1. Considering each of G362, G342 in turn, give the residue that is outside any loop (DSSP other than H, G, I, E, B), small (G, A, S) and buried (at least 18 other Cβ atoms within 10 Å of the Cβ).
2. Identify the residue in the stretch 273-310 that is of a type in the set (S, T, N, Q) and in contact (Cβ under 8 Å) with a residue 12 or more places away in the chain and, among all such residues, is nearest to E201 (Cα to Cα).
3. Which residue pairs have Cβ atoms under 6 Å apart, sit 6 or more places apart or on different chains, and have a first residue in the stretch 378-390 that is touching a residue at least 40 places away in the same chain (Cβ under 8 Å) and in a helix (DSSP H, G or I) and a second that is buried (at least 19 other Cβ atoms within 10 Å of the Cβ) and of a type in the set (V, I, T)?
4. Taking the stretch 302-339, which residues are surrounded by fewer than 22 Cβ atoms within 10 Å (Cβ to Cβ), among the hydrophobic types (A, V, I, L, M, F, W, C) and not in a helix (DSSP H, G or I)?
5. Would you be able to say whether some residue in the stretch 46-61 is farther than 30 Å from A190 by Cβ, at pLDDT 90 or above, open to solvent by 40 Å² or more (accessible area, probe 1.4 Å) and outside any helix (DSSP H, G or I)?
6. Taking the condition surrounded by fewer than 19 Cβ atoms within 10 Å (Cβ to Cβ), in a strand (DSSP E or B), out of contact with any helix residue (DSSP H, G or I) (no Cβ under 8 Å at 6 or more places or on another chain) and not polar (S, T, N, Q), does R107 pass?
7. For residues that are within 23 Å of P120 (Cα to Cα) and among the charged types (D, E, K, R), scanning just the stretch 131-160, find the one that is surrounded by the fewest Cβ atoms within 10 Å (Cβ to Cβ).
8. Going by the conditions given, is A35 surrounded by 19 or more Cβ atoms within 10 Å (Cβ to Cβ) and more than 30 Å from L192 (Cβ to Cβ)?
Amino acid sequence: MPAEPAAATVHPDFDAVRTEFALPAEFPAAVLAEAARAAADDVPGVGPGRRDATAVELVTIDPPGSKDLDQAVGIVARGNGFRVHYAIADLAAVVAPGGVLDEEVRRRGQTVYLPDGAVPLHPPVLSEGAASLLPDGPRPAVLWTIDLDATGERTAVTVERAVVRSRSRLDYGGVQADLDAGRPLPEAIALLPTVGRLRRELAVARGAIELELPEQEVLPGGNGGWRVRARERVDVDTWNAEISLLTGTAAASLMLDAGVGVLRTLPAPDADAVAALRATASALGVDWPAATTPARFLAGLPLDTPHALALRRAATTLLRGAGYAAFDGPGSPPPADPGHGGIGAPYAHVTAPLRRLVDRYGTEVCLAVASGQPVPEWVRAALPGLPALMSASDTVAGKVDRACVDRTEATLLAGRIGERVEVTVLREEPGEVYLLDPPVLARCHGTLRLGERIAARLSAAEPATGRVEFTAEP
């Protein structure tokens, strides 16, 4: 049977995924009513405890079509360095502690994204309306102001409640296209390429591990169907992520200094894992100088060669054991290792409160610490339970995302059983290969050699379960 074209589309059953993972179908009426009342209230005005920052040039950069806009960024030159403004949606301004909305948000944990629609953390009247940093008027926000020196290192941090106004809703592809064409960027992000590159270099220098494996995503196709493609992460996406990481590391520093907060943790790569990756590089004939760190080595690899793909897949063993750690005073101290091995520094979630529960609590800790005020009791009371709640939510969100991708891939390939294709071997045991078109990561049986392109036959493609398997040709 001939291969399907790369643009082929199918109709996988995403509702079955919702059912399998018991995702909530809608918000209870009482929750919607409380959210509507919060959305109808006047925007918290300028006054004691809230700064007028509407003159600060800010824009949002998100995937096309996004309405749940958590962050707005603005960067200006300051002396020999830079000043980064990062405005974050102020969820505490619209979610009352202990209310039915708060209870429902705690039950959900985070927004779960499916190709045909999200299961949101907050009702859309808030997440896509009153609390979102849309460019249609002033919004309450938590404004981080972070000063950097000429190398991009952080020198000072303030965080405060404010009223802000985003100038424009931008998307990664559009900003990248302007940059590539030599068109001027908006004033707010004219310095993003400069600061983004500086921060990325500092990340590599401190040991941040960036795998840069191909990410599969499900997108709309023709006739209401769906297709799979490998997501291309453009430079603007990377630079914008560095601003978020800059803010998260600043938040972690505030929390650790005060002895109260909740961190996102990941153990640093252990010596055995690094040695195993070095052995893999040696076996593939890829030079890895003894003095070069794993972060620097991975950053220097090409993105798409078979050996580089195999090494990036093998490097996932460097990043295991992610979790959350809450701490509050002498009786509940920070973890002995508070760092995040993938970032190379302690890190806290504070930049996506519309989509992730823990960020609202982390933000309130930072606001209290920065102003010299006690951390609110409703925050302290919630801290011990946040790690388990968020870990469970992360697990569900990850499984849902994988299930949607797997089932779309299996549906695309279901009519091609027995077809001979070329794949790249990413692991030998258990066998794992990568098919380029459509981009599919799947198990493979037979004799495999790491980093080689081989011929294989599609032996299984089950749309109902997402199972795809290949068998290597002799």
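The values are calculated or read from the model by the stated rules, or taken from the named source; none is laboratory data. The structure displayed is predicted, hence computed values, not measured ones. As a convention, Cβ positions derive from the backbone with ideal geometry for all residues, glycine included, and neighbour counts pool all protein chains shown. Areas reflect the complete protein model, heavy atoms only, side chains present, ligands, DNA and RNA absent. Shrake-Rupley method; radii C 1.70, N 1.55, O 1.52, S 1.80 Å.
1. Values: G342 fails: outside any loop (DSSP other than H, G, I, E, B).
Just a single option satisfies the conditions, and that option is G362.
2. Filtering the stretch 273-310 for residues that are of a type in the set (S, T, N, Q) and in contact (Cβ under 8 Å) with a residue 12 or more places away in the chain, the one nearest to E201 (Cα to Cα) comes out as T293.
3. L383/V262; L386/V262; L386/V358; M390/V358
4. Of everything in the stretch 302-339, those that are surrounded by fewer than 22 Cβ atoms within 10 Å (Cβ to Cβ), among the hydrophobic types (A, V, I, L, M, F, W, C) and not in a helix (DSSP H, G or I) turn out to be L303, L319, A322, A325, F327, A336.
5. The answer is no; no qualifying residue exists.
6. Numbers: surrounded by fewer than 19 Cβ atoms within 10 Å (Cβ to Cβ): yes; in a strand (DSSP E or B): no; out of contact with any helix residue (DSSP H, G or I) (no Cβ under 8 Å at 6 or more places or on another chain): yes; not polar (S, T, N, Q): yes.
For R107, the condition - surrounded by fewer than 19 Cβ atoms within 10 Å (Cβ to Cβ), in a strand (DSSP E or B), out of contact with any helix residue (DSSP H, G or I) (no Cβ under 8 Å at 6 or more places or on another chain) and not polar (S, T, N, Q) - is not met.
7. The residue in question is D136.
8. For A35, the condition - surrounded by 19 or more Cβ atoms within 10 Å (Cβ to Cβ) and more than 30 Å from L192 (Cβ to Cβ) - is met.
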